[in-house]
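The values are calculated or read from the model by the stated rules, or taken from the named source; none is laboratory data. Quantities reported herein were computed from a predicted structural model and do not represent experimental measurements. Every residue, glycine among them, receives a Cβ derived from its backbone with ideal geometry; neighbour counts consider all protein chains shown. Side chains included, ligands, DNA and RNA excluded: accessible areas come from the protein's heavy atoms. Shrake-Rupley method; radii C 1.70, N 1.55, O 1.52, S 1.80 Å.
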Amino acid sequence: MPRSTRWQNPSDFSIQPEGIVKTTSNQALGDACHVPVLLQEILEFFQPEPRMCIIDGTLGFGGHSERFLQAGARVIGVDQDPEALERAIERLSGFGHQFQGIRGNAASLDLLAKSHEAFPQQVDAMLFDLGVSSWQLDQAERGFSFQEDGPLDMRMDPDQTTTAADLVNQLSEEALADVLWTYGEERGSRGIAKALVARRQERSFETTLDLANVISRGGRRSGKIHPATRSFQALRIAVNRELDVLPEMLSHAVSLLKPGGKLAVISFHSLEDRIVKRFLRAHSQAMVDDPTWPEPRLNPDYHFDLPAKLIQATPEEASQNPRARSAKLRFAIRRAT
Ligand SMILES: C[S@@+](CC[C@H](N)C(=O)[O-])C[C@H]1O[C@@H](n2cnc3c(N)ncnc32)[C@H](O)[C@@H]1O
């Protein structure tokens with residue numbers, strides 16, 4: 001299928017059928033594989049400069065990090081996907097000791113910090129650009145996409161044991177419907193789960209296109225998005241425990257950011273954004289109250305100021321990079337307490 005008519009990636013709800021657009025401006029090799037989202041907004045907020053150290057907790061192709069490095073900042077980039085990390089390290093190799101790439105899950109940033117000498121105790125800024133990159137989606141053999149056939153895998157970290165095939169072939173019908181509903185907000189979750197369980201009794205699922213075809217037959221059409229979009233997103237989130245690890249990732253901003261240090265989080269669907277919003281709200285209120293208390297109390301978790309409301313891509317960015325259409329960016333600044 002020509003690229004211009006492909007369905008868009010399964011991690012993105014604001015889907016238009018024109019597919020992933022590649023920018024034609026003067027771009028680095030990395031940007032041809034994954035265009036960094038909301039880059040200008042993050043650069044304006046972080047104001048990277050030579051004395052700064054920044055943790056990029058979801059390094060991906062290093063698109064954001066490359067710009068931090070160009071501005072002279074030191075960057076520690078973390079990614080749980082060894083292939084993505086290898087490519088980012090190659091892309092950023094020209095920055096020498098200014099950049100360090102570390103394999104690991106950002107949910108364990110505290111442990112990674114302890115086990116790597118180069119990790120400073122506290123840093124000036126931290127970025128989480130959640131989900132998978134366009135490059136990961138484009139690798140058919142990783143099994144994230146329903147656009148091309150590949151093994152039903154979807155693991156960002158290949159050392160993890162559970163694959164999407166394990167979930168689809170082994171969960172009970174009820175548990176499968178729960179996954180599709182909870183992580184994909186798929187309104188046809190029960191019908192799809194029923195169709196999947198009926199089919200797997202004849203033959204188990206092994207490939208992405210096989211799964212996408214059965215979902216397309218068992219599910220409902222919803223606007224212009226491919227009928228398997230929400231189910232693929234749900235399975236990817238479940239396989240990688242993306243919503244479970246997010247609060248842990250965010251909690252490291254409390255311990256690892258210096259007073260005045262800046263946090264930026266980009267999410268791509270409402271489930272993630274809700275977690276980020278709740279975390280930031282709970283950590284940015286001076287007082288907390290409870291109906292059983294006689295009066296409000298000081299909030300012991302008052303760690304952040306919120307300098308801006310939700311930020312979204314400009315129409316220009318959204319038109320050049322469809323992935324940016326669903327991106328939601330939130331900022332926070334670590335308080336001195
Ligand atoms: C959206 S991409 C980041 C793109 C990057 N900002 C850029 O502009 O090139 C997200 C990356 O984070 C990684 N990732 C997602 N969740 C992670 C986690 N909990 N810990 C470590 N890496 C994670 C994925 O493997 C993927 O490579």
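Within segment 253-272, is there a residue that is without any contact (Cβ under 8 Å) to a residue 60 or more places away in the chain and surrounded by 15 or more Cβ atoms within 10 Å (Cβ to Cβ)?
Let us first name the residues in segment 253-272 that are without any contact (Cβ under 8 Å) to a residue 60 or more places away in the chain, namely none.
Looking through segment 253-272, none of the residues is without any contact (Cβ under 8 Å) to a residue 60 or more places away in the chain and surrounded by 15 or more Cβ atoms within 10 Å (Cβ to Cβ).
Matching residues to (1) out of contact with any strand residue (DSSP E or B) (no Cβ under 9 Å at 6 or more places or on another chain); (2) small (Gly, Ala, Ser):
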residue: SER251; (1), (2): yes, yes
residue: GLY261; (1), (2): no, yes
residue: LEU271; (1), (2): yes, no
residue: LYS277; (1), (2): no, no
residue: LEU280; (1), (2): no, no
residue: MET287; (1), (2): no, no
residue: PRO291; (1), (2): yes, no
residue: PRO296; (1), (2): no, no
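Within segment 216-232, identify whether any single residue is within 14 Å of the chain's Cα centre (by Cα) and open to solvent by less than 20 Å² (accessible area, probe 1.4 Å), and answer yes or no.
no
Conditions tested, residue by residue: (1) at pLDDT below 95; (2) closer than 26 Å to GLN233 by Cα; (3) touching a helix residue (DSSP H, G or I) at 6+ places or on another chain (Cβ under 6 Å); (4) among the basic types (Lys, Arg).
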| position | (1), (2), (3), (4) |
| --- | --- |
| SER251 | no, yes, no, no |
| SER270 | yes, yes, no, no |
| ARG274 | no, yes, no, yes |
| LYS277 | no, yes, no, yes |
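If I filter segment 159-181 down to residues being closer than 28 Å to GLU86 by Cα and surrounded by fewer than 13 Cβ atoms within 10 Å (Cβ to Cβ), which single residue comes out as nearest to the ligand (Cβ to nearest atom)?
Checking each candidate, the answer is ASP159.
Filter segment 97-131 for residues that are touching a residue at least 60 places away in the same chain (Cβ under 8 Å) and under 10 Å from ASP56 (Cβ atoms) and give the result.
ALA106, ALA125, MET126, LEU127, PHE128, ASP129
Tell me yes or no: at least one residue of segment 68-79 is modelled with pLDDT under 95 and open to solvent by 10 Å² or more (accessible area, probe 1.4 Å).
no
From VAL288, VAL245, which residue is away from the ligand (no atom under 15 Å from the Cβ), of a type in the set (A, V, I, L, M) and open to solvent by 10 Å² or more (accessible area, probe 1.4 Å)?
Checking each option against the conditions leaves just VAL288.
Among the residues in segment 12-23, are any away from the ligand (no atom under 11 Å from the Cβ), modelled with pLDDT of 95 or more and more than 14 Å from the chain's Cα centre (by Cα)?
no
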